[in-house]
Structure formats: C-alpha cells, structure tokens
1. Rounded, prolate or oblate: which one fits the range 11-169, using the alpha carbon gyration tensor with axes a ≥ b ≥ c (rounded when a/c is under 1.5, else prolate when a/b beats b/c, else oblate)?
2. So what's the net charge close to ASP153: Lys and Arg +1, Asp and Glu -1, counting the other residues with Cβ under 12 Å from its Cβ?
3. Mind checking which lysines have their Cα closer than 18 Å to the Cα of LYS227? Skip sequence neighbours fewer than 8 apart in that chain.
4. At 0.36 nm per residue, minus the direct Cα-Cα distance, what do ARG126 and ASP295 gain on full extension? Give it in nm, one decimal, please.
5. Go through PHE303, GLY116, GLN234 and say which Cα lies farthest out towards the positive end of the charge dipole of the chain; charges sit on Cβ, +1 for Lys and Arg, -1 for Asp and Glu.
6. Could you tell me the calculated FRET efficiency between ASP51 and GLU142, based on Cβ-Cβ distance and R0 = 41 angstrom, to the nearest 0.05?
7. Please work out whether the range 91-166 counts as rounded, prolate or oblate from its C-alpha gyration tensor, where a ≥ b ≥ c are the square roots of the eigenvalues and a/c under 1.5 means rounded, while otherwise a/b larger than b/c means prolate and anything else oblate?
8. By DSSP, what percent of the beta bridges with both residues in the chain are antiparallel, rounded to the nearest 5?
Amino acid sequence: YIGSAQVLIQAQPYNSKYEIPRKHFFVYNHLVLGSGEFGIVVEGAIQLPQDGRMIQVAVKTVRPNVDLQYFRALLSEVKVMTCIGRHPHIVNIVGACTKDIRKSEILLAVEYCRKGNLRDFLRKSREGFKNQIEDGKLQPLESIVEGAICTRDLIRWSCEIANGMDFLSSKNIIHADLACRNILLTESLVAKISDFGLSRQLMDYSNYVKKHQCPLPWKWMAIESLKDMHFSIQSDVWSYGVLLWETFSLGEVPYPGQNWSHEFLNDLVAGKRLVKPTYATDTIYELMLECWNEDLRGRPKFFKLKEKFEGVLADVS
Ligand code: ADE
C-alpha cells in the first residue's frame, strides 16, 4: 500500500548528504534483527567516508523480488529521515545507499539500539523490578540496584517518547503505529521512536484520510481511525496512551484475549477503557484517560505530555 502522503514524499528532494557508497556498507545478513513480509532489518556496519571509522548500525532492506511499491516505500522512508533532521529520541539515519545500486538494492542504515524493543525489554525486566509506588504515592529509591529497572525508568521513557513525538509532530509526521514494540532502547537505555515504515508525512494537511490497509494495529488505534481510517497527530496521542498502559504494566498485552470485532469499537464508543495498570499512579492513569478522549481535540498535545512527565520525574528524583 502506498498512501497519498507517500506520493507527496516522493516529490521531495532526496538529501544526498547521507548517501554512502555500497563498498562502505557491511551487511551481516545472518544477524537478523527483525523481519517482515517485504522488509528485513539486519546488523551491519558502515565505514564513514570522513575518517574511515566503522560504526555499528541496523540495516533495513527490501527482500529481493518483491513488488516495486516496497522499494518506493523504503525510498520514501529514507527521504523522510533525511528531510526531518536529527533528534535524540528517534532512531536516526546514519547513511543510505540508493544510487550505487547492485542487484537493485536499497540500504538504509540507522542507529543501532543494543537493548532491543521496549516491550520485550519490559517483559524481561519484570523479575527484579523496583516498584516505587507506595500507598498510591511515588517514593524516592532507597538504594540503587545495579541493572534493576524501577518506576522512575518507566516515567523517563514516557517523557522521552513524548519528546520524540513532539519533534515528529513539529515536522508534520504521523507515526500511525506507535506502540512499545516500535520503541527501541540504546545501550544506555535511552528510548528512541522507530519504524517509520508506516509513518506519513503531511504537507499542508493537518490529517488525511487513508483507505484499505491490512493488517491494522487495532488495539492501539483511536476511535476515529477505527471508524473511518482517519489518522492525525491526535490519533498518535491515543496510541501513546496505549503505549503508556503497556509501559506501566511492564509489557502486558492490552485487551488480552480479544479478537477484532465491531463490538470492540462499540465498547470504546460506549466509554469502555483499559483499566489502571499495576505500576501506574492515579496521576499517570489520568493522563492515559485524557489520551483516550473520544473527542480528539480534547486529547493533550505531546509537548504537554512531555511537560507532565517532566513534572512527575522531578517528584521522584
Ligand atoms: N531492530 C530493528 N531496528 C533495530 C535497531 N535500529 N537497532 C537494534 N535492533 C533493531
């Protein structure tokens, strides 16, 4: 599927500042980090033309022999990344090979995030997790336990992700698939927003209507997205609320055991929402509920969410 916004991106100039010759790309095809139906992410390295240094990267490519539209989609992803600029809380581009094409490849190298995705990391951290909530209030940590994850980390990631989303929204980028599985952690456990594969850049439009796309991340989708495929920065805020729920439940699956049906949408319209996750305070759960406001204009903006979490972080530091 290529949406109308993708067509708009293709009309954008490609910033060749990031173009790196094929011979400086090292692609380790046996070290698979992730794979989809048409794309694959593997470990790799690129040698910087400036000083010959080798940098570890994640390399995204399209599988050979797939439809041309997927090459176009990856190319537009490269364009989005080169056009929007860098931010500490997004997975930034390191380089790309789009011109010096051998076997009609496109290679996109992005920052390597050693600790993998936030959902799996949270699940692995359940044992040894330091809950800082007592009697509904956040308490400072009595002692730092080396390697243990605590409530403060959950708050810091929430803040970092809101910060990254505020940046993306300032560039008119709609992520459209914001979820813990699409947040990556660096070696030093900094959260970065990943997977612009589905992202859409808006030109002068504040949102746009998209039809027919399967499969859909329905548990993370706002009411208006489920109803009529209406995506906007404010529908990303809804998804961010579900991401918060995943974070403060240490990687639980939202709406466990449910399958897609119209009943699900009807329940949301009737006001049914996810219940407060185990490791959230009332204040944090109230923020989730604000993100799940049926009226998209009533949902908080990402800069507000960032400020709120900065406030919570200050309380627990
Ligand atoms: N999996 C997908 N993208 C990745 C990245 N940038 N770093 C590490 N693992 C990944």
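1. In terms of gyration-tensor shape, prolate.
2. Summing Lys and Arg as +1 and Asp and Glu as -1 gives +3.
3. Filter leaves LYS210, LYS211, LYS219, LYS272.
4. Contour length minus the Cα-Cα distance gives 57.4 nm.
5. Final value for the positive-end residue is GLY116.
6. Rounded to the nearest 0.05, the efficiency is 0.35.
7. It is prolate, given that a/c is not under 1.5 and a/b is the larger ratio.
8. About 90 percent, rounded to the nearest 5.
Every read-out reported here was derived from the displayed coordinates using simple, explicitly stated rules and does not represent laboratory data. Predicted, not measured: the structure shown is a model, and the values here were computed from it. Here Cβ is always computed from backbone atoms with ideal geometry, including for glycine, and neighbour counts include all displayed protein chains.
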